[in-house]
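Engineer: This is the structure I have questions about; it appears just below.
Throughout, read-outs are computed from the coordinates displayed, never taken from laboratory work. Since the model is a prediction, treat every value here as computed from it, not as a measurement. Reconstructed Cβ throughout: ideal geometry from the backbone, glycine too, with neighbour counts over all protein chains shown.
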Amino acid sequence: MQRKSRQLFEIISLLVVVMMILGAAGITGVRAETSTEQEIFNMLDMPEKPETLTVISQDIVTDPLAQTVEKFEQEQGIEVEWLEYPSGELWDQLTTSIMGDDTFDVFYFSGSWQAELGAQGMMLPLEDIAPRELLAELEGQYFQVAVDSLKAHDQLWGLPIVAATLHFFYNEAMLEELGYQEPPATWEEMLKMSREAVEAELASYGFFPGWVSAHEDGMVWFDLMLKLHDGEWMNEERTEFIFNEESGVEALTLMKEILDEGLVPRAALEQSDWDNFHYFLAGDQLFEINWSFIYPFTVDPEMSEIADEVGVALIPGITRKSYTVLGPNGFGISPTTRSPEWAFKLMTYLTGEEAARGLLTSQHGSAAAFVELYDDHPEFTMEDYDLIEIFGEQMEYAGFRPSTYLTWYSEFRDNIFTPLMHEALLGEIEPQEALDQAQQQAQEVLESEGL
């Protein structure tokens, strides 16, 4: 696998990020392509092989997918050029490359991007490359919710590799010191325990969310709070935004109340989920609601002071019993590819069982989208992979942000919703007024541009 070099400091930073997140996790075994897979690929009329296929990816999946890439190169005789970027740079790199008509073939993308990229012609719908029968065969390998999360406007835009969700982590030792043997099942219980931990000076605060403006974290957290209050962003017909109804107001009001009370720090308005979880690792807070990717850090004694004290449970409920935000990621096909069929073939390797095994191993049993690995798989047991059981249970309560259908989602997030949400959290405007203004602005765009 060939990689292009960037500036030295970027490479060093990238290696640090990859080592921290993925550690020494690898991929076990090389699985030969099954006869069924070969049969379904015979549906494709494959043109002459290209010498090279280029992938633009996020750095954190490089190590889990390395052996899969080597397998593709060996079996197909095509060299893979792998360009990797940190999460914060990936969107700009993709869009800049596509708008510049740079030739590349496959790219890693967030499940919050396809509606926008697809509408702008920046990725190819898979139905333009492969027959529906083949796609149906492939889709059956994954959690259905992971497949659905990569659809938009009646099109499938990629195949999933990551089906990450928010998880609820807690400090078992601190909870026991407070006299509790079980984690909270409701937010009322969670906030009560948080107050007690702060009052007893066991923790500086209950938990540390990421409520950043003009950032995806702000959308993730409001989606969580909105859905826990049994609210929705839009009506069923998707003709009207309704997040300013009672459930939305209650959600934003609760966020402001716990911020003002000090159960979450003011820094939550400025730090993302990627930057703040180390406070939990330091034993300075009782709870942590964050993506499953942080779990390897929490149980690593070299990084965590509570490595033997971390518990995981369902996200506590409010009106709904639980809810989690689905953070899917997958691989899609670039509109600048010169070999769409071979790009599709490579994509199926990158989202196949072997790739999923590498990801599942590195994530202690969570985040992989390949459903068979969670169905009493003899290699991945609950005894050896801590998150397998809770991941499957939490997935039952997973849902989507409006990014799955809004083609102008970035504008909605950065210029309409999160700035007004921030004003409400800062006390500059009442929650109801903030949501009403955001709803009015969003509705105007919807009526002029559609979804």
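Engineer: Starting from the Cα of LYS192, draw a straight line to each of the lysines and keep only those under 23 Å, dropping any in the same chain fewer than 8 residues away.
Structural biologist: Within the straight-line limit of under 23 Å, LYS192 reaches these lysines: LYS227, LYS256, LYS321.
Engineer: Please report, to one decimal in angstroms, the Kirkwood hydrodynamic radius of segment 265-360 built from all distinct Cα-Cα pairs. Walk me through the numbers on the way to the answer.
Structural biologist: Numbers: mean 1/r = 0.0594 Å⁻¹.
It is 16.8 Å.
Engineer: Each residue of segment 315-320 in order: what ³J(HN,Hα) in whole Hz does its phi give by Karplus 6.51 cos²θ - 1.76 cosθ + 1.60, θ = phi - 60°, with x for Gly and Pro?
Structural biologist: Rounded to whole hertz, the list is 4, x, x, 10, 8, 7.
Engineer: Check which residues have an amide H placed less than 5 Å from GLN271's amide H, if you skip close sequence neighbours.
Structural biologist: Excluding prolines and chain starts, which carry no amide H, the hits are TRP211.
Engineer: Taking amide hydrogens as modeled 1.01 Å from N in the peptide plane, which residues meet the under 5 Å criterion relative to VAL310, leaving out close sequence neighbours?
Structural biologist: Long-range HN contacts for VAL310: GLU172.
Engineer: For the chain, with the dipole built from +1 on Lys and Arg beta-carbon atoms and -1 on Asp and Glu ones, taken about the Cα centre, which of VAL310, PRO402, LEU117 lies farthest toward the positive end?
Structural biologist: With unit charges placed on the Cβ atoms, the residue in question is LEU117.
Engineer: Pull up the cross-link candidates among the lysines for LYS345, meaning alpha carbon to alpha carbon under 17 Å and not fewer than 8 places away within one chain.
Structural biologist: LYS49, LYS71
Engineer: A further question on this structure: Could you work out how far helix 353-362 tilts from the main Cα principal axis of the chain, as a 0 to 90 degree angle to the nearest 10?
Structural biologist: 30 degrees
Engineer: Could you give me the ³J(HN,Hα) list for segment 164-181, computed from phi with Karplus coefficients 6.51, -1.76, 1.60 and θ = phi - 60°, whole Hz, x at Gly and Pro?
Structural biologist: Once rounded to whole Hz, the list reads 5, 9, 5, 10, 10, 10, 8, 8, 4, 5, 5, 4, 5, 5, 7, x, 10, 9.
Engineer: Separate question: Taking every DSSP beta bridge that has both residues in the chain, what percent is antiparallel when rounded to the nearest 5? Could you put the intermediate results ahead of the total?
Structural biologist: Details: 26 of 40 bridges.
Looking only at bridges with both residues in the chain, the antiparallel portion is about 65 percent.
Engineer: Treating the beta-carbon of each Lys and Arg as +1 and of each Asp and Glu as -1, no other charges, what is the dipole magnitude of the chain about its Cα centre, to the nearest 20 debye? Mind dumping the intermediate values first?
Structural biologist: Working: 21 positive and 84 negative charges, 165 e Å.
Dipole of the chain, to the nearest 20 debye: 800 debye.
Engineer: Another one. At a 10 angstrom cut-off on C-beta neighbours, averaged per residue, how do the peptides 408-420, 295-307, 203-215 rank from highest to lowest?
Structural biologist: Details: 408-420: 19.8, 295-307: 16.6, 203-215: 21.7.
Per-residue Cβ counts within 10 Å, averaged per peptide and sorted highest first, yield 203-215, 408-420, 295-307.
Engineer: Which FRET efficiency, nearest 0.05, do ASN235 and GLU48 yield, Cβ-Cβ r, R0 51 Å? Write out the running numbers ahead of the final one.
Structural biologist: Details: r = 50 Å, r/R0 = 0.98.
Calculated transfer efficiency: 0.55.
Engineer: The chain: D in µm²/s via Stokes-Einstein (Kirkwood Rh, Cα pairs, 20 °C, 1.002 mPa s)?
Structural biologist: Values: Rh = 22.8 Å.
Taking Rh from Cα pairs, D becomes 94 µm²/s.
Engineer: Roughly what angle does helix 431-449 make with the longest principal axis of the chain, taking Cα atoms, 0 to 90 degrees, to the nearest 10?
Structural biologist: Long axis of 431-449 versus the principal axis of the chain: about 30 degrees.
Engineer: Where does the charge balance sit around TYR409 when Lys and Arg score +1, Asp and Glu -1, over other residues with C-beta under 11 Å from its C-beta? Walk me through the numbers on the way to the answer.
Structural biologist: Details: positive: ARG401, ARG413; negative: GLU116, GLU216, GLU411, ASP414.
Computed value for this residue: -2.
Engineer: Counting each pair of different Cα atoms once, what's the Kirkwood radius of segment 53-111 in Å, rounded to one decimal? Please report the intermediate quantities before stating the final value.
Structural biologist: Numbers: mean 1/r = 0.0827 Å⁻¹.
Radius from the Kirkwood sum: 12.1 Å.
Engineer: Beyond 12 Å, what share of the Cα-Cα pairs of segment 208-261 is found? Please give it as a whole percent. Please report the intermediate quantities before stating the final value.
Structural biologist: Working: 932 of 1431 pairs.
Percent of Cα pairs beyond 12 Å in segment 208-261: 65.
Engineer: Using the Karplus curve 6.51 cos²θ - 1.76 cosθ + 1.60 with θ = phi - 60°, work out ³J(HN,Hα) for each residue of segment 134-139 in order, rounded to whole Hz, and write x for Gly and Pro.
Structural biologist: The phi angles translate into 5, 5, 5, 4, 6, 4 Hz.
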